[in-house]
1. Which of the residues belonging to region 195-209 are assigned to a loop (DSSP other than H, G, I, E, B) and buried (at least 17 other Cβ atoms within 10 Å of the Cβ)?
2. Which of the residues belonging to region 177-194 are open to solvent by less than 50 Å² (accessible area, probe 1.4 Å) and of a type in the set (Gly, Ala, Ser)?
3. Look through Ala49, Ala22, Ala37 and report the one residue that is touching a residue at least 40 places away in the same chain (Cβ under 8 Å) and either assigned to a helix (DSSP H, G or I) or over 14 Å from Leu203 (Cβ atoms) (or both).
4. Which number in (1) crowded, with 22+ Cβ neighbours inside 10 Å; (2) within 11 Å of the chain's Cα centre (by Cα); (3) hydrophobic (A, V, I, L, M, F, W, C) marks the one condition that Val105 misses?
5. For Ala73, state whether it is small (Gly, Ala, Ser), free of Cβ contacts under 8 Å to residues at least 24 places away in the same chain and open to solvent by less than 20 Å² (accessible area, probe 1.4 Å).
6. Tally time: how many residues in region 126-176 are open to solvent by 20 Å² or more (accessible area, probe 1.4 Å), of a type in the set (Ser, Thr, Tyr) and closer than 17 Å to Ala96 by Cβ?
7. Go through (1) out of contact with any Ser or Thr (no Cβ under 8 Å at 6 or more places or on another chain); (2) open to solvent by 20 Å² or more (accessible area, probe 1.4 Å); (3) of a type outside the set (A, V, I, L, M, F, W, C); (4) more than 24 Å from Ala36 (Cβ to Cβ) for Asp117 and report which single condition fails.
8. Please state which of the following conditions Thr88 fails to meet, knowing it meets all the rest: (1) without any contact (Cβ under 8 Å) to a residue 60 or more places away in the chain; (2) over 21 Å from Val193 (Cα atoms); (3) of a type in the set (S, T, N, Q).
Amino acid sequence: MSTDPILLPLGQRPAIDLPGRATYPAETIERLERDAAILISRYPQARSALIPLLHLVQSEDGHLTPAGIGFCARMIGLTEAEVTAVATFYSMFRRAPTGEYLVGVCTNTLCAVMGGDAIHEALREHLGIDDGGTTPDGKVTLEHVECNAACDYAPVVMVNWEFLDNQTPESARELVDALRSGEPVTPARGATVCTFKQAARILAGFDDEQPGTVEAPRPGAPTLAGLRAARRDGGDER
């Protein structure tokens, strides 16, 4: 019997060696420093601003680059190794160039049973890319994701972290076609989908600069089904 170790693939995460530019131009550094100062001022210790700063540099490049890692380290007095350790822990920080729209198909248990696997396969074929790939026009990056905590609307597709509920292979194909053609896409529970870089800037802590306002979404009927059942049966609603 062989004693060689069995090496299991760990998904589609790119290598830690980050692609992209190593330094920023002086004008970019000046602009990012102004934004970084705002973010850092919100915390009693500068290093606490690391997560927002990573979103900030991701909004600049569309993914993490050596320039972005170095910038974050310099702004809050950490080593690049310390920044990289945090950045590579969270899946929201991309280690490879990402399209304008990051389309994630939930393939965890309930979404898969409800059709998530079929949606993922349909989009791979429709877009002509493998999981983790980006379309030649740079518009869409496709990946499968684990549970989005939206099982009541399964199967769910996310675009730049906005939920698209109750999807089918056909509706998902229409969705990516709309994204690639520049048509506005507005989920039932959220704001009109913006680009990946714009979403990263919002996650950093800056205002959504899209025109108009969006009312905060309220729980829908599927989300409240358990509460209704508890009331009907006289159970504990807590």
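The values are calculated or read from the model by the stated rules, or taken from the named source; none is laboratory data. If you're wondering where the values come from, they're calculated on a predicted model, not measured in any experiment. For neighbour counting, all protein chains shown are included, and Cβ atoms are generated from backbone atoms with ideal geometry for every residue, glycine included. Protein only, heavy atoms only, side chains kept; ligands, DNA and RNA dropped before computing areas. Shrake-Rupley method; radii C 1.70, N 1.55, O 1.52, S 1.80 Å.
1. Within region 195-209, Thr195, Phe206 qualify.
2. Matches in region 177-194: Ala178, Gly190, Ala191.
3. Among Ala49, Ala22, Ala37, only Ala22 is touching a residue at least 40 places away in the same chain (Cβ under 8 Å) and either assigned to a helix (DSSP H, G or I) or over 14 Å from Leu203 (Cβ atoms) (or both).
4. Unmet condition: (2).
5. On the way: small (Gly, Ala, Ser): yes; free of Cβ contacts under 8 Å to residues at least 24 places away in the same chain: yes; open to solvent by less than 20 Å² (accessible area, probe 1.4 Å): yes.
Answer is yes for this residue.
6. Residues in region 126-176 being open to solvent by 20 Å² or more (accessible area, probe 1.4 Å), of a type in the set (Ser, Thr, Tyr) and closer than 17 Å to Ala96 by Cβ: 1 in total.
7. So Asp117 meets the others, but not (1).
8. Unmet condition: (1).
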